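Data first, discussion second: the structure below is written as structure tokens.
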Amino acid sequence: MSNDQTPAARPLLIAIDGPVGAGKSSISDEVASRLGILHLDTGAMYRAAGLYALRQGVALEDEAAVTAAVLRAEIGVRYENGGQRTLLNGEDVSAQIRTPEVAAAASAVSRYPGVRAQLVRQQRALAQSTPMLMDGRDIGTVVLKDAPVKIYLTASAEKRAERRLIQYREQGENPSFEDVLAAVNARDEQDTHREADPLRQAEDAVVVDSSDLSFDETVAAILALVDAARQKEALHV
Ligand code: DC
């Protein structure tokens, strides 16, 4: 924090929401690093909750048992060279949470209001102490309702499926485009239709559609929106 700020300056908080495959994680990483602020990937926290439920052998359909288990777990993050490490009861599970099994468990446990309330509380507490960029599904609508910069990052389902397919091929897998597109559509349906805090665009969010933008162009579009917000209001980093 520099000394020439007026006392009224708010911390720079950026909320980025959007559907699966819109590039939220990598774009958010780059934007946060260019601005010199932290990036909190909230999906990683839901993944850690899902991993804990799996490890405890809790039936994922059992809302009460899953909620009780997640309340017992200590889910946290730590930053190493500016990058987020995700912790479960003190163990660094950043790699373990990236499997399809954990993604499915995260999707299941994130439906439960008690799980969400717990993680939202932690996310808000983290943003109290430092300027940051947070990405997820409910950041602009629930977690940081007052964030001075809100972005809804999206792209057509076909483009998102194309990008996913490239990632799969890099990992040595070769699913068909049709299968990947069907999975993207299924996740969209699930994310936007669940009862608790479904994915939706906040009224005051700006849509960035990356369908026809490169990675660098998308980053530049978001940085321009941040600049515009900082012209209107003193926001400190
Ligand atoms: O973005 P991701 O795939 O890592 O997210 C994992 C799961 O958590 C996904 O099913 C959506 C859910 N999620 C959520 O409900 N709310 C958030 N703020 C972030 C993720």
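Each reported figure results from applying straightforward, stated rules to the coordinates on display, with no laboratory input. Quick caveat, the model's predicted, so the values are computed rather than measured. Using ideal geometry, Cβ is built from the backbone for each residue, glycine included, and neighbour counts are taken over all protein chains shown.
See the values below:
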| quantity | calculated |
| --- | --- |
| Separation of alpha-carbon centers, the stretch 14-44 and the stretch 157-185, rounded to whole Å | 21 |
| Two-decimal Rg/Rh across the stretch 76-185, once Rg and the Kirkwood Rh are taken from alpha-carbon atoms | 0.99 |
| Computed lengthening from His236 to Asp209, 0.36 nm per intervening residue step minus Cα-Cα distance | 7.0 nm |
| Footprinting exposure proxy for Ser129, Ser211, Ser94 (fewest neighbouring C-beta atoms within 10 Å first) | Ser129, Ser211, Ser94 |
| Computed [θ] at 222 nm, deg cm²/dmol, the chain (DSSP H ≥ 4; -39,500 (n - 2.57); rounded to nearest 500) | -15500 deg cm²/dmol |
| Radius, Kirkwood style, for the chain when every pair of distinct Cα atoms is counted (Å) | 18.5 |
| Sparse-neighbour loop sites [GluC sites (Glu not before Pro); the stretch 52-135; at most 14 other C-beta within 10 Å; DSSP] | Glu61, Glu74 |
| GNM flexibility winner over the chain from Val149, Val180, Val66 (Cα, springs under 10 Å) | Val180 |
| Rel. contact order, % - alpha carbon contacts under 8 angstrom, at least six apart, the stretch 36-137 | 41 |
| Where Rh is the Kirkwood radius over Cα pairs, Rg/Rh for the stretch 68-134 | 0.96 |
| Leading residue at positive end of dipole, the stretch 136-226 (Cβ point charges), from Phe215, Val226, Val143 | Val143 |
| Chymotrypsin sites (Phe, Trp or Tyr not before Pro) lying in DSSP loop within the stretch 1-101, provided at most 13 other Cβ fall within 10 Å | none |
| The chain - percent relative contact order, Cα under 8 Å, separation 6 or more | 33 |
| Using distinct alpha-carbon pairs, which all enter the 1/r mean, Kirkwood radius of the stretch 137-237 in Å | 15.6 |
| Net charge contributed by nearby residues that have their C-beta within less than 15 Å of Ser176 (K/R +1, D/E -1) | -3 |
| Size of charge dipole - the chain - debye, nearest 20, with Cβ of Lys, Arg +1 and Asp, Glu -1, no other charges | 600 |
